[in-house]
Amino acid sequence: MAKTMDVLLKGAGTFDGTDVAAYKAQGGYQALERVLGMSDQAVLDELLKAELRGRGGAAYPAGRKWSQMYKIPITPKYIVCNADEGEPGTFKDRELLRDMPLKVIEGMTIAGRVLHSARGFIYIRGEYRAIQRVFQKAIDNAVKAGYLGKNICGVEGFDYTITIISGAGAYVCGENSALLNSIEGRAGRPRIKPPHLAEVGLYKKPTLVNNVESYADLTVIYTQGADAFLELGVPGSGGTKLVCLSGNVKNRGVYEVGLGKVTLRELIFDPAFGGGIPDGKELSFYHLGGQSGPIGFPEQLDTVYDHDSLWDAGLSVGSGAVVVADGDVCIVDYCRKVMEFFVHESCGKCTPCRIGTMRVLELLTDLCEGRGRPGDTDRLERAITQISALSACGLGQSANKAIRSCLAHRREDFLAHEQGKCPAGSCAMKGGEGA
Ligand SMILES: Cc1cc2nc3c(=O)[nH]c(=O)nc-3n(C[C@H](O)[C@H](O)[C@H](O)COP(=O)(O)O)c2cc1C
Ligand code: SF4
């Protein structure tokens, strides 16, 4: 039987995560203390060796990002933690923020130390109001214990503070450059890149943006070492990953898995994880990594869950979301709901995303309401290709992924809707002739 891991969330919920003494009793602050005895280069080398891929969605190697920013001679530098957690079906960062806030603070402090930054910001989703209060308490306690503020751990000149910013409530504010605009008090719209944030970031200064889970992972890397971290995962994808299972699955929740250690089948069907589909129904599909991610099908269930294996199968880890759908869910209608989300969340800055998502939604709505026409599937494919090719930021560029994977694997469902038939029997025309 496949097994959940107990590394990043070890002890979570069993002690007061805002209490420094309690956190230290669980092994807390050993990573920072070890980093204090290492040269900057040794810390960067260890991160590169650990092969930590960013946990926010894009999976960019953290060691590479840190090394690029380290080389930039401009000061001051800023450290930003992306705790916007806006990707639908994703609810893992809140576990860390609520139960392990000092772990996230320790990770951000390590980044401050190595990248010579005295200012950290954490952008926490606006709806996580209670969690913001917990996190502030943890910051205050870390200051009192000498782990934030001036001369941290008694090291002359090691000064670092963390400020909480409450998220502005839009999905696009989770995109790293929109997030920085939002911190600066501007409209949360993405910036045109380049220049990259490592050079021109917050207040036009070099800025590191990493996800909550990525910062928390640093505490594992610098206590257990890069080799041990790598062994928790696979070459190319070190460590564990917090996976969020939801939808038509028996055991919904957050599970910690070793990257490369379980298959999608185990994640969805093993009693240690999802436990299968309720009410004896069949699996129809599963949506990976949030609305911006691709959709997987039963024939892909034996794919191993790590960045490269999923990528090879046309899938992705993304944020760690796995939303499961049973056979009663119409795939075309599901795509319609995904597109509704993108229409709502497009910031409107560029036309292909602002208008293109609306046109795609109209096409999908027509298909679902019995007004489909021959050729709509091809029109749909052309439209999503244009949107992803011509959009300026990751939102528009990824708005095509769910539909594209459905067209690749279940094109016949779209063609049936052109004829006014819904194979799942859940659209307006209920499997019969168009309304
Ligand atoms: C529309 C959009 C929304 C995003 N939302 C989030 C988010 O809520 N949390 C997050 O960590 N990353 C989010 N990202 C990814 C960030 O832009 C960025 O890649 C990430 O914070 C970098 O951290 P990592 O390298 O540790 O993953 C989003 C990206 C896009 C395009
Ligand atoms: S792709 Fe969409 S969300 Fe991104 S900048 Fe353009 S309009 Fe805004």
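The values are calculated or read from the model by the stated rules, or taken from the named source; none is laboratory data. Only a predicted model underlies this, so the values are computations on that prediction, with no experimental measurement involved. Positions of Cβ are generated from backbone atoms using ideal geometry, with glycine treated the same way; all protein chains shown enter the neighbour counts.
Specify which of the listed residues (ILE105, ILE162, ILE124) is among the β-branched types (Val, Ile, Thr), within 19 Å of the chain's Cα centre (by Cα) and farther than 30 Å from SER346 by Cβ. Full working, then the answer.
On the way: ILE162 fails: within 19 Å of the chain's Cα centre (by Cα); ILE124 fails: farther than 30 Å from SER346 by Cβ.
Of the residues listed, the single one that is among the β-branched types (Val, Ile, Thr), within 19 Å of the chain's Cα centre (by Cα) and farther than 30 Å from SER346 by Cβ is ILE105.
Could you check GLY276 against (1) under 22 Å from the mean Cα position of the chain (by Cα); (2) on the phi > 0 side of the Ramachandran plot and say which number it fails?
(1)
Please count how many residues of region 202-213 are surrounded by fewer than 24 Cβ atoms within 10 Å (Cβ to Cβ) and touching a Lys or Arg at 6+ places or on another chain (Cβ under 9 Å).
Residues of region 202-213 that are surrounded by fewer than 24 Cβ atoms within 10 Å (Cβ to Cβ), as a first pass: 202-205.
Then keep just the ones that are touching a Lys or Arg at 6+ places or on another chain (Cβ under 9 Å); that gives 202, 205.
Within region 202-213, residues that are surrounded by fewer than 24 Cβ atoms within 10 Å (Cβ to Cβ) and touching a Lys or Arg at 6+ places or on another chain (Cβ under 9 Å) number 2.
With respect to LYS92, determine if the residue is buried (at least 21 other Cβ atoms within 10 Å of the Cβ) and of a type in the set (Lys, Arg).
On the way: buried (at least 21 other Cβ atoms within 10 Å of the Cβ): yes; of a type in the set (Lys, Arg): yes.
Yes.
Of all the residues that make up region 48-65, how many are buried (at least 21 other Cβ atoms within 10 Å of the Cβ) and more than 12 Å from ligand 1 (Cβ to nearest atom)?
Counting residues in region 48-65 that are buried (at least 21 other Cβ atoms within 10 Å of the Cβ) and more than 12 Å from ligand 1 (Cβ to nearest atom) gives 2.
Name the residues in region 22-37 that are surrounded by fewer than 16 Cβ atoms within 10 Å (Cβ to Cβ) and either part of a loop (DSSP other than H, G, I, E, B) or without any contact (Cβ under 8 Å) to a residue 40 or more places away in the chain (or both), would you?
Within region 22-37, LYS24, ALA25, GLY27, GLY37 meet the criteria.
Being within 16 Å of ligand 1 (Cβ to nearest atom), at pLDDT 95 or above, in contact with a helix residue (DSSP H, G or I) (Cβ under 7 Å, 6 or more places away or on another chain) and over 16 Å from THR207 (Cβ atoms) is true for just one of ILE183, ILE139, ILE131, ILE165. Which residue is that? Can you show your working first?
Values: ILE183 fails: over 16 Å from THR207 (Cβ atoms); ILE139 fails: within 16 Å of ligand 1 (Cβ to nearest atom); ILE165 fails: over 16 Å from THR207 (Cβ atoms).
Sole residue among the options that is within 16 Å of ligand 1 (Cβ to nearest atom), at pLDDT 95 or above, in contact with a helix residue (DSSP H, G or I) (Cβ under 7 Å, 6 or more places away or on another chain) and over 16 Å from THR207 (Cβ atoms): ILE131.
Go through the residues of region 66-84 one by one and say whether even a single one is among the β-branched types (Val, Ile, Thr), out of contact with any strand residue (DSSP E or B) (no Cβ under 7 Å at 6 or more places or on another chain) and surrounded by 19 or more Cβ atoms within 10 Å (Cβ to Cβ).
Just the residues of region 66-84 that are among the β-branched types (Val, Ile, Thr), to begin with: 72, 74-75, 79-80.
From what is left, the residues that are out of contact with any strand residue (DSSP E or B) (no Cβ under 7 Å at 6 or more places or on another chain) are 72, 74-75.
From what's left, surrounded by 19 or more Cβ atoms within 10 Å (Cβ to Cβ): none.
Looking through region 66-84, none of the residues is among the β-branched types (Val, Ile, Thr), out of contact with any strand residue (DSSP E or B) (no Cβ under 7 Å at 6 or more places or on another chain) and surrounded by 19 or more Cβ atoms within 10 Å (Cβ to Cβ).
Filter region 401-428 down to the residues that are free of Cβ contacts under 8 Å to residues at least 40 places away in the same chain and charged (D, E, K, R) and list them by number.
Passing the criteria: ARG411, GLU412, LYS421.
Filter region 176-231 for residues that are hydroxyl-bearing (Ser, Thr, Tyr) and part of a helix (DSSP H, G or I); which is farthest from ligand 2 (Cβ to nearest atom)?
As a first pass, look at region 176-231 and keep what is hydroxyl-bearing (Ser, Thr, Tyr): 177, 182, 203, 207, 214-215, 219, 222-223.
With the extra rule that they be part of a helix (DSSP H, G or I), the set shrinks to 177, 182, 203, 214-215, 219, 222-223.
On the way: SER177: 9, SER182: 13, TYR203: 21, SER214: 22, TYR215: 25, THR219: 33, TYR222: 35, THR223: 38 Å.
So the residue we want is THR223.
For region 13-59: of the residues being more than 28 Å from ASN141 (Cβ to Cβ) and of a type in the set (Asp, Glu), which is nearest to the chain's Cα centre (by Cα)?
For region 13-59, the residue satisfying everything is GLU51.
Within region 370-402, restricting attention to residues that are out of contact with any Lys or Arg (no Cβ under 7 Å at 6 or more places or on another chain) and hydroxyl-bearing (Ser, Thr, Tyr), which residue is nearest to ligand 1 (Cβ to nearest atom)?
The extreme case among them is SER398.
Suppose the filter is under 28 Å from VAL243 (Cβ atoms), within 16 Å of ligand 2 (Cβ to nearest atom) and surrounded by 24 or more Cβ atoms within 10 Å (Cβ to Cβ); does GLY320 pass it?
In short, no.
So which residues in region 170-207 are aromatic (Phe, Trp, Tyr) and under 17 Å from the mean Cα position of the chain (by Cα), if there are any at all? Outline the logic, then answer.
Initially, region 170-207 is screened for residues aromatic (Phe, Trp, Tyr), giving 171, 203.
Residue satisfying the conditions is TYR171 alone.
I'd like to check something: does region 341-357 contain any residue that is aliphatic (A, V, I, L, M), on the phi < 0 side of the Ramachandran plot and within 16 Å of ligand 1 (Cβ to nearest atom)? Walk me through how you get there before you give the answer.
The initial filter retains those residues of region 341-357 that are aliphatic (A, V, I, L, M), namely 343, 355.
Among the residues that remain, those that are also on the phi < 0 side of the Ramachandran plot are: 343, 355.
Pick out the ones that are also within 16 Å of ligand 1 (Cβ to nearest atom) and you get 343.
Within region 341-357 (the criterion being aliphatic (A, V, I, L, M), on the phi < 0 side of the Ramachandran plot and within 16 Å of ligand 1 (Cβ to nearest atom)), the answer is yes, since at least one residue qualifies.
Test of understanding: among LEU310, LEU315, which residue is part of a helix (DSSP H, G or I) and outside the structural domain of GLU381 (by TED's automatic domain parsing)? I'd like the intermediate steps shown before the answer.
On the way: LEU315 fails: part of a helix (DSSP H, G or I).
Checking each option against the conditions leaves just LEU310.
Kindly indicate whether any position in region 70-77 is modelled with pLDDT of 95 or more, within 16 Å of ligand 1 (Cβ to nearest atom) and within 22 Å of the chain's Cα centre (by Cα).
Looking for residues that are modelled with pLDDT of 95 or more, within 16 Å of ligand 1 (Cβ to nearest atom) and within 22 Å of the chain's Cα centre (by Cα), one finds none in region 70-77, hence no.
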